[in-house]
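Peer 1: I'd like to ask some things about the structure below.
Every number in this text was worked out from the coordinates using simple rules, so none of it is lab data. Everything quoted here is computed from the prediction, not taken from an experiment. Here the Cβ positions follow ideal geometry from the backbone for every residue, glycine too, while neighbour counts run over all protein chains shown.
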């Protein structure tokens with residue numbers, strides 16, 4: 001017996017099958033999807049591989065499989081999915097297989113994985129009464145010591161790293177408490193639990209409105225009948241989409257089935273998680289990148305062993321090894337984060353459709369501002385649509401006002417905060433209500449320029465301006481991570497006439513402090529959420545400590561429910577509108593409607609102020625009206641005339657390398673070959689040119705843009721053009737279908 005294997009290796013030249021013979025002792029065990037170790041290369045070094053075919057004959061096999069690892073195998077259906085993904089997304093099969101594996105299971109990590117992991121757990125050595133006496137008699141003075149001991153009163157026997165994270169103390173603090181005899185360390189097997197600090201009250205299903213009930217009844221019927229169907233729940237912000245999701249999942253569980261729920265941002269996960277824990281308790285597993293490797297591995301095992309019936313997570317959670325799937329739900333389905341910008345460049349919605357079709361279960365897409373392609377399919381009856389036109393608690397949609405920033409300048413107001421927004425914040429502070437300010441630029445100043453020679457200070461590795469971060473007093477590149485001290489003289493002409501321009505969240509926070517010195521603020525952007533649990537800590541602090549103003553980027557606008565937020569300000573709505581991308585207007589509209597939806601979700605009506613230099617632009621005016629249908633009709637007409645998606649696919653072929661002459665030559669060759677292969681009546685190819693950001697991390701970037709339907713014929717033409725220009729140097733080619741970012 002023989003097998004064809006694919007090596008677990010991302011080298012392009014190894015993206016093919018290799019034949020091996022199966023030893024007699026493995027013959028009854030080997031199946032497609034088995035993980036094996038095989039001798040490879042001149043030294044016969046053992047390499048990770050996956051069996052993708054089992055056969056009786058082979059002309060090429062001259063080596064034996066060395067070892068089988070059945071506990072790390074995947075199902076045959078997942079191997080088939082990996083093959084399809086590799087073809088469609090122009091990558092190695094092994095790149096796709098890795099998405100379907102638990103974390104921490106590479107050959108280098110396997111030894112530690114196979115061992116029982118143990119660690120220090122912290123226990124109290126004194127009673128609760130003794131703790132109170134020590135505090136009352138002032139024998140324990142340190143706030144941190146008191147914090148730890150009080151936490152242990154409620155959570156005795158906690159893993160030391162979890163205790164450090166939750167109480168925000170260092171190991172030295174715990175060591176001091178141990179030396180004083182207040183606590184002790186006991187080594188135990190680690191049971192990593194991402195829900196360890198979650199205490200939520202039980203929740204019961206709410207009575208559905210007639211609109212919610214129709215969506216629930218139709219989709220639950222699909223679950224009962226094992227019927228694949230794509231459904232769109234199109235509901236205004238606050239219309240109760242999540243309650244429908246909860247009850248549909250409950251229906252699946254009643255029928256002995258399971259569910260996957262995808263959310264677009266990690267920052268959304270804590271709030272969604274609380275609602276699901278309140279309804280389903282420990283039947284949940286959570287998967288996202290902010291979990292530690294150990295936590296993700298344990299959650300993966302929990303799913304694989306059938307202990308978790310519901311998976312909640314970001315994009316890659318769609319690959320969870322769940323059995324008896326009854327429903328997949330993708331919340332905020334319009335969000336760009338469902339499309340991967342790294343290899344493999346897959347779209348979670350496409351993967352979900354494939355998985356649901358194979359499992360004979362419904363796929364549910366939910367949004368207040370659906371992707372144009374999704375909505376068009378709904379209008380063509382390719383997708384079943386359910387409309388929710390009212391907020392679930394009968395609260396009104398917020399009142400939206402547009403402020404023309406050109407007039408603000410004419411009035412002499414050069415700050416980031418318009419007079420109208422200032423008035424709104426003052427009123428909110430007076431009424432003890434909360435405010436959210438949205439600005440999609442982090443940092444303090446978005447570029448630094450010499451006023452003498454006019455040259456901006458650019459990253460030495462990328463063709464992009466550096467951003468000034470005042471709190472760290474550094475210039476940073478948001479593409480490659482380069483950092484530099486603040487410049488006192490221009491590197492181009494030597495002048496000391498340096499100007500800091502543009503606005504970011506740090507500068508906005510400073511202006512708020514200047515205008516409203518007594519107001520409490522908290523900021524949420526990539527600079528403040530780098531640590532574990534930081535998303536959740538910021539959101540909880542804003543909600544529970546009644547912080548007056550939350551300032552942040554896109555991560556604050558999606559799905560959050562804050563009852564006391566009655567004012568939202570979009571500080572510079574044009575920041576999304578001016579991006580070089582055919583989806584710029586759609587993203588602007590979606591973001592502004594979503595950010596508006598954070599206001600007035602309870603009894604008090606909300607107010608939204610959109611500040612812009614383009615008050616007449618339809619992307620701005622229609623978002624103020626919160627009229628998706630009107631926006632759709634206008635935008636879809638533009639897309640049709642310009643032959644943009646959904647009327648075609650846009651395929652970007654990128655050429656990246658350190659030798660610009662080589663890149664130009666290769667891209668020209670690929671362009672000529674493509675022109676000779678494609679059907680020019682249905683496909684248009686633009687000549688190769690430099691990408692808008694033509695250098696990132698010291699690598700030059702060129703691109704070819706193709707407009708056409710990304711079917712088998714066109715994909716095969718692209719493969720042929722690339723294969724005939726095989727790259728034996730450092731230049732690489734990647735292909736991206738309908739990318740989020742055209743750069």
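Peer 1: Only Cα pairs under 8 Å and at least 6 apart count here; give the relative contact order of the chain as a rounded whole percent.
Peer 2: Relative contact order here is 10 percent.
Peer 1: Once you place label points 7 Å from the Cα toward the Cβ at residue 142 and residue 716, how far apart are they in nm?
Peer 2: 7.1
Peer 1: Suppose R0 equals 30 Å; then what is the FRET efficiency for residue 500 and residue 689 from their Cβ-Cβ distance, rounded to the nearest 0.05?
Peer 2: 0.40
Peer 1: Using the number of other C-beta atoms within 10 angstrom as an exposure proxy, rank 663, 696 with the fewest first.
Peer 2: 696, 663
Peer 1: Residue separation times 0.36 nm, minus the C-alpha to C-alpha distance between residue 668 and residue 519: what's the value?
Peer 2: Result: 47.8 nm gained on full extension.
Peer 1: Moving on. Report the extension gain between residue 373 and residue 487 in nm, rounded to one decimal, defined as 0.36 nm multiplied by the number of residues separating them, less their alpha carbon distance.
Peer 2: 36.4 nm is the gain from fully extending residue 373 to residue 487.
Peer 1: For a protection proxy built on the mean count of beta-carbon atoms within 10 angstrom, sort 427-433, 244-250 highest first, please.
Peer 2: The packing order, highest mean first, is 244-250, 427-433.
Peer 1: Which of 2, 438 has the fewest other C-beta atoms within 10 Å, and how do the rest follow up to the most?
Peer 2: 2, 438
Peer 1: Provide the descending list of Cα extents for the stretch 209-299 along its principal axes, expressed in whole angstroms.
Peer 2: Taking max minus min along each principal axis of the Cα atoms, the stretch 209-299 gives 42, 31, 24 Å.
Peer 1: Full extension from residue 341 to residue 453: what is 0.36 nm times the residue separation minus their Cα-Cα distance, to one decimal in nm?
Peer 2: Length gained between residue 341 and residue 453: 36.7 nm.
Peer 1: In addition: What shape does the stretch 2-113 have by the C-alpha gyration tensor, where a ≥ b ≥ c are the square roots of the eigenvalues, rounded means a/c under 1.5, and otherwise prolate means a/b greater than b/c and oblate the rest?
Peer 2: rounded
Peer 1: Across bins of 10 angstrom width beginning at 0, how are the C-alpha pair distances of the stretch 604-657 distributed, in whole percent?
Peer 2: Reading upward from the zero bin: 19, 32, 27, 16, 5, 1.
Peer 1: Let me make sure I get this right: for the stretch 533-611, a, b and c are the square roots of the gyration tensor eigenvalues over alpha carbons, sorted descending. Under 1.5 in a/c it's rounded, otherwise prolate if a/b > b/c, else oblate. Which is it?
Peer 2: Because a/c hits 1.5 or more and a/b exceeds b/c, the stretch 533-611 counts as prolate.
Peer 1: So, one more: Expressed in nm², what is the orientationally averaged projection area of the convex hull enclosing the Cα positions of the stretch 433-497?
Peer 2: Average of the hull's projected areas for the stretch 433-497 equals 5.6 nm².
Peer 1: Follow-up. Between residue 129 and residue 580, what is the spin-label point distance in nm, taking each point 7 Å from the Cα along the Cα→C-beta axis?
Peer 2: 7.4
Peer 1: Okay, next question. Order these peptides, 488-500, 168-180, by their mean beta-carbon neighbour count within 10 angstrom, highest first.
Peer 2: 168-180, 488-500
Peer 1: Follow-up question, since we're still on this one. Could you calculate the FRET efficiency of residue 658 with residue 161 from 1/(1 + (r/R0)^6), where r is the beta carbon distance between them and R0 is 60 Å, rounded to 0.05?
Peer 2: 0.90
Peer 1: In square nanometres, what is the average projected area of the Cα convex hull of the stretch 649-737?
Peer 2: Taking a quarter of the hull surface, the average projection is 5.2 nm².
Peer 1: Something else about it: Under a point spin-label approximation (7 Å from Cα along Cα-to-Cβ), what is the residue 254-residue 461 distance to one decimal in nm?
Peer 2: 5.5
Peer 1: With an 8 Å Cα cut-off and a minimum separation of 6 or more residues, compute the relative contact order for the stretch 210-388 in percent.
Peer 2: Here the relative contact order equals 35 percent.
Peer 1: Looking at the chain only, what percent of DSSP beta bridges run antiparallel? Nearest 5 please.
Peer 2: Approximately 55 percent, going by the DSSP bridge assignments.
Peer 1: Residues of the stretch 328-372 with amide nitrogen under 15 Å from the 7 Å Cα-to-Cβ point of residue 218?
Peer 2: Only 362-367 fall inside the zone, counting backbone N under 15 Å.
Peer 1: How high is the relative contact order of the stretch 649-737, in percent, with contacts defined as C-alpha pairs under 8 Å that are six or more residues apart?
Peer 2: About 48 percent, as a whole number.
Peer 1: Could I ask something else about it? Quick one: grab the alpha carbon gyration tensor of the chain, order the square roots of its eigenvalues as a ≥ b ≥ c, and give me rounded if a/c is under 1.5, else prolate or oblate depending on whether a/b is larger than b/c.
Peer 2: rounded
Peer 1: Calculated FRET efficiency, residue 730 and residue 471, Cβ-Cβ r, R0 35 Å, to nearest 0.05?
Peer 2: With R0 = 35 Å, the Cβ-Cβ based efficiency is 0.40.
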